[in-house]
1. Would region 33-42 turn up any residue that is modelled with pLDDT of 90 or more, surrounded by fewer than 15 Cβ atoms within 10 Å (Cβ to Cβ) and either under 20 Å from residue 136 (Cβ atoms) or within 24 Å of the chain's Cα centre (by Cα) (or both)?
2. Quick check on residue 55: is it without any contact (Cβ under 8 Å) to a residue 40 or more places away in the chain, in the same structural domain as residue 151 (by TED's automatic domain parsing) and either surrounded by fewer than 16 Cβ atoms within 10 Å (Cβ to Cβ) or farther than 28 Å from residue 146 by Cα (or both)?
3. Anything in region 58-102 that is part of a helix (DSSP H, G or I) and either on the phi > 0 side of the Ramachandran plot or free of Cβ contacts under 8 Å to residues at least 24 places away in the same chain (or both)? List them, or say none.
4. Considering only residues that are touching a helix residue (DSSP H, G or I) at 6+ places or on another chain (Cβ under 8 Å) and not in a strand (DSSP E or B), which ones fall in region 18-48?
5. Restricting to region 1-17, what's the tally of residues that are more than 22 Å from residue 80 (Cβ to Cβ), assigned to a loop (DSSP other than H, G, I, E, B) and either under 22 Å from the mean Cα position of the chain (by Cα) or free of Cβ contacts under 8 Å to residues at least 24 places away in the same chain (or both)?
């Protein structure tokens with residue numbers, strides 16, 4: 001039995017879910033999220049919590065996945081998801097242009113305009129070096145943060161670039177002078 005699949009998903013007050021075929025629609029105070037439910041997995045409500053159950057051991061590989069997807073949807077509509085990025089480098093900065101455009105200045109000859117998808121909010125600190133990406137869909141929040149990071153990945157020699165907050169980087173040693 002899957003360890004993750006066995007865990008119950010607590011359902012907070014104000015959260016409703018409906019199963020339509022292979023999708024689960026979770027509604028809560030922050031909005032609605034669709035989660036995919038793999039074949040052979042069903043959701044059962046017991047003791048105020050949702051339990052993911054599989055038909056047979058044939059579907060064991062999807063048991064933990066299904067539980068994680070539904071849990072992420074429930075967590076998203078109640079608390080939301082956030083990812084934080086730091087922009088490190090001299091002259092590197094981030095700013096908002098309107099409500100749905102983020103402009104990165106990352107040492108290239110031109111600023112990079114990054115359009116935000118619907119359902120994603122971005123907050124930038126006053127120093128313009130810290131970005132907080134938030135939303136109710138965990139996959140979308142993670143993908144937007146990864147796309148922002150890929151605009152200028154951290155350099156292993158100078159550690160400049162866009163990185164996740166708290167990300168540990170291995171700094172490489174540069175060339176040594178010839179004697």
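1. Within region 33-42 (the criterion being modelled with pLDDT of 90 or more, surrounded by fewer than 15 Cβ atoms within 10 Å (Cβ to Cβ) and either under 20 Å from residue 136 (Cβ atoms) or within 24 Å of the chain's Cα centre (by Cα) (or both)), the answer is yes, since at least one residue qualifies.
2. no
3. 58, 59, 61
4. Across region 18-48, the qualifying residues are 29, 30, 37, 38, 39, 40.
5. The number of residues fulfilling the criteria is 0.
The values are calculated or read from the model by the stated rules, or taken from the named source; none is laboratory data. From a predicted model like this one, the values you see are computed outputs, not experimental measurements. Quick reminder, even Gly has a Cβ in these numbers, built from the backbone with ideal geometry, and neighbours come from all protein chains shown.
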